[in-house]
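Where a number appears in this text, it was derived from the coordinates with a stated rule and is not lab data. Just so it is clear, the structure is predicted and the values come from calculations on it, not from any experiment. Counting neighbours? That spans all protein chains shown, and the Cβs are built from the backbone with ideal geometry, glycine included.
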Amino acid sequence: MKIAIISDIHANPLAYEAVSKSINKFSPDKIFCLGDLILGGYNPNYICEKIIELKEKMKDDFIIIQGNTDKMIANYTHELAQKVIDAFPAMGYSYMEDVKITDKKYIEFVKNLDEKKSLTLNGLKIELVHGSPRKQDENIFPNLKEEEVEKMVEASSADLILCGHTHKPCAYCLNSGKTVVNVGSVGRSMTDNGDRRAVYLEATIDKNSKFVVEHKFVEYDNILASRHILIRNFKHCEDLAKMYV
Ligand SMILES: [Fe+2]
């Protein structure tokens, strides 16, 4: 069984389309999406439309959960926007504008997503989370101490835990027997080595529950994507545009 796992598209259609092409070549039986569809990109409506289309086409073979920024968009308040502006002005102003330009039906869509999902495939227990099993916005970064990661996933009984959120792909094979894979980000990749290609995960599970996972790095026109952000012309948008390249 083949599965493609995507996360953190962040309203970036050019990155999403490039990844979709690559996924089509892989021809997976299932696709999982680990949240963060809308915030901080240039076309949230396009991404939501495509994701809903995919859900309608693949039905139960497409599973999506909610990311922390999906929840922020769904529960927008001026007070929260001000807090985000104080911490990271460009993201705060994007937050204010994204809520205005995103169709209400798409905001409702992300509002109603579950925070996590568990399933068993070929005997392998899998948990899908955005940050960690214990917290939607917890960071499973590369190069953490194994004990720290063990604590983050302590509450999960899954063999394979798939997460996103940090935009930095990584993986841990823990002493407890659990495997934790951060799939990285499609639309706002932030690898430590400066590689800004879109990232997703391909997984293959055999009949005996043995699995192989591989991060896939996909080139897209990130210069054009950064220009699209500049066209939106909200305060400090140039800071978000720069992060694409
Ligand atoms: Fe994200």
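In the chain, helical runs assigned H by DSSP with n ≥ 4 each contribute -39500 (n - 2.57); averaged across all residues and rounded to the nearest 500, the mean residue ellipticity at 222 nm is -11000 deg cm²/dmol.
Find, to one decimal place in angstroms, the Kirkwood hydrodynamic radius of region 43-114, where the mean of 1/r is taken over every pair of different Cα atoms and then inverted. 13.0 Å is the Kirkwood radius here. This model, with +1 at the C-beta of Lys and Arg and -1 at the C-beta of Asp and Glu, gives the chain a dipole about its Cα centre of some 360 debye. As a rough footprinting exposure proxy, the listed residues Thr166, Thr102, Thr69, Thr204 were ranked by other beta carbons within 10 Å of their own, and the order from fewest upward is Thr204, Thr166, Thr102, Thr69. Rg over Rh for region 5-59 works out to 0.94, both radii taken from alpha-carbon positions and Rh defined as the Kirkwood radius.
Neighbour counts of C-beta atoms inside 10 Å place Arg188, Arg196 in the sequence Arg196, Arg188, starting with the fewest.
Summed over all non-identical Cα pairs, the Kirkwood treatment of the chain gives a radius of 18.0 Å.
Checked against a 24 Å cut-off, the cross-linked pairs Lys25/Lys111; Lys2/Lys57; Lys145/Lys168; Lys100/Lys168 give Cα-Cα distances beyond that limit for Lys25/Lys111; Lys100/Lys168. For region 124-245, report the % of Cα-Cα distances exceeding 26 Å. Tail of P(r) above 26 Å: 29 percent of Cα pairs. When Rg and the Kirkwood radius Rh are both evaluated on Cα atoms of region 172-213, their ratio Rg/Rh stands at 1.08.
Straight-line cross-link partners of Lys116 among the aspartates and glutamates, defined as a Cα under 17 Å from its Cα and at least 8 positions apart when in the same chain: Asp8, Asp36, Asp60, Asp61, Asp70, Glu127, Asp137, Glu138, Glu154, Asp159.
Which whole-number percent of Cα pairs in region 150-196 have a distance greater than 16 Å?
41 percent
Computed over region 180-240, the range of Cα coordinates on each principal axis works out to 53, 20, 19 Å, biggest value leading.
Extents of region 22-165, taken as max minus min of Cα coordinates on every principal axis and listed largest first, are 45, 40, 26 Å.
If you count, for each residue, the other Cβ atoms within 10 Å and average over each peptide, how do 213-225, 38-50 line up from highest to lowest? Mind dumping the intermediate values first?
Details: 213-225: 16.3, 38-50: 22.3.
Ranking, from highest mean packing down: 38-50, 213-225.
Working from Cα positions, state the angle (0 to 90°, nearest 10) between the long axis of helix 78-87 and the longest principal axis of the chain. Taking the Cα atoms of the chain, the angle to 78-87 is about 80 degrees.
The phi-based Karplus calculation (6.51 cos²θ - 1.76 cosθ + 1.60; θ = phi - 60°) puts the 3J(HN,Hα) values of region 136-141 at 5, 10, 7, 9, 9, 8 Hz, whole numbers, x for Gly and Pro.
Taken along its principal axes, the alpha carbon cloud of region 1-92 reaches lengths of 45, 24, 19 Å, longest axis first.
Put in order of Cβ neighbour count within 10 Å, fewest first, the listed residues Ser27, Ser7, Ser185, Ser132 become Ser27, Ser132, Ser185, Ser7.
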